[in-house]
Amino acid sequence: MNALLESSAIQSRVRELAQEIEGDYPAGEEIHLVGVLKGGFVFMADLIRSMTTRVSVDFIAVSSYGAGTKSSGEVRFQKDLDTSLEDRHVIIVEDIVDTGLTLKYLQDVLRQRAPRSLKTACLLSKPSRRKVEVPVEYIGFTIEDRFVVGYGLDFDEKYRNLPYIAVLNE
Ligand code: IMP
């Protein structure tokens, strides 16, 4: 598969995002990263290793797609967080924002848990596919309306292990 985004480009962009994030919070404050499984785990792993401030992590699992490339618009909650968000600086760490439905749902649910602040970091964004408006403070790359795999992103549970991001050619 041809790379749309090479591993080296992803790595340097993730380092930039980490710096940007750290610069936005008061020094010494803990940043609590909430990774969205499964797609967000690779981005999360690289992001935290580029951060030097105090971080803590937790994971949540939702699914909006079945075994296909089209969104059903339905969001299912599969695993909840292990810890409370109350009074914490929370950043949702997600692989990609497509229609925005998953993120909108997640932001609404997590906001009800009284975090001190709530922001979102997405490695990829496909703005042309958006169905709902959703704020994303940190975006790695904006891409065209293509179905992509690799770096955590799958098609039917395949390709998550690619170190780069590629357009899936069916
Ligand atoms: P949304 O609710 O339509 O924004 O979809 C978000 C979720 O759909 C992401 O977290 C991904 O798991 C999945 N998704 C959307 N676009 C792609 C893609 O191009 N490749 C792989 N998964 C995708």
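The values are calculated or read from the model by the stated rules, or taken from the named source; none is laboratory data. From a predicted model like this one, the values you see are computed outputs, not experimental measurements. Virtual Cβ from ideal backbone geometry, glycine too; neighbours counted across all protein chains shown. Heads up: the accessible areas ignore ligands, DNA and RNA and are worked out on the full protein's heavy atoms, side chains in. Shrake-Rupley method; radii C 1.70, N 1.55, O 1.52, S 1.80 Å.
Over the chain, what is the mean sequence separation of C-alpha contacts under 8 Å (at least six apart), divided by residue count, expressed as relative contact order in percent?
Value for the chain: 24 percent.
Just the accessible area for Glu29, please: 1.4 Å probe, Å², rounded to the nearest 10?
The accessible area comes out at roughly 50 Å².
If you place +1 on the Cβ of every Lys and Arg and -1 on the Cβ of every Asp and Glu, how big does the dipole about the Cα centre of segment 12-121 come out, in debye to the nearest 20? Could the numbers behind the result be given before it?
Working: 14 positive and 17 negative charges, 48 e Å.
About 240 debye.
Can you give the convex hull volume of the alpha carbon atoms of segment 92-131 per residue, in Å³?
56 Å³
Taking the Cα centre of segment 1-63 as origin, sum charge times position over the Cβ atoms of Lys and Arg (+1) and Asp and Glu (-1), and report the length of that vector in debye to the nearest 20. Don't skip to the answer; put the middle values down first.
Values: 5 positive and 9 negative charges, 51 e Å.
Computed about the Cα centre, the dipole is about 240 debye.
Of the listed peptides 110-117, 153-160, 96-103, what is their order by residue-averaged count of other C-beta atoms within 10 Å, with the highest listed first?
The densest-packed peptide leads the list: 96-103, 153-160, 110-117.
Projecting each Cα onto the charge dipole of segment 80-165 (Lys/Arg +1, Asp/Glu -1 at the beta carbon, about the Cα centre), which of Thr83, Gly150, Ser125 comes out farthest on the positive side?
About the Cα centre, the residue reaching furthest to the positive side is Ser125.
Rounded to the nearest 500, what is the 222 nm mean residue ellipticity of the chain from helices alone, with -39500 (n - 2.57) per DSSP H run of 4+ residues and division by all residues?
-7000 deg cm²/dmol
Per residue, how much accessible area does the chain have with a 1.4 Å probe, in Å²? Mind showing how you got there, number by number?
Values: 8460 Å² over 170 residues.
Value for the chain: 50 Å² per residue.
Quick check: with the 1.4 Å probe, what order do Arg146, Arg88 take by accessible area, largest first?
The residues order as Arg146, Arg88, largest area first.
Going by a ≥ b ≥ c, the root eigenvalues of the Cα gyration tensor, does segment 103-170 fall in the rounded group (a/c under 1.5), the prolate group (a/b larger than b/c) or the oblate group?
Values: a/c = 2.31, a/b = 1.87, b/c = 1.23.
Here segment 103-170 falls in the prolate category.
Using the Karplus curve 6.51 cos²θ - 1.76 cosθ + 1.60 with θ = phi - 60°, work out ³J(HN,Hα) for each residue of segment 118-126 in order, rounded to whole Hz, and write x for Gly and Pro.
9, 10, 9, 10, 10, 5, 10, 9, 10
How big is the dipole moment of segment 92-159 about its Cα centre under a simple scheme where the beta carbon of each Lys and Arg is +1, that of each Asp and Glu is -1, and everything else is neutral? Debye, nearest 20, please.
Numbers: 11 positive and 11 negative charges, 71 e Å.
Here segment 92-159 has a charge dipole of around 340 debye.
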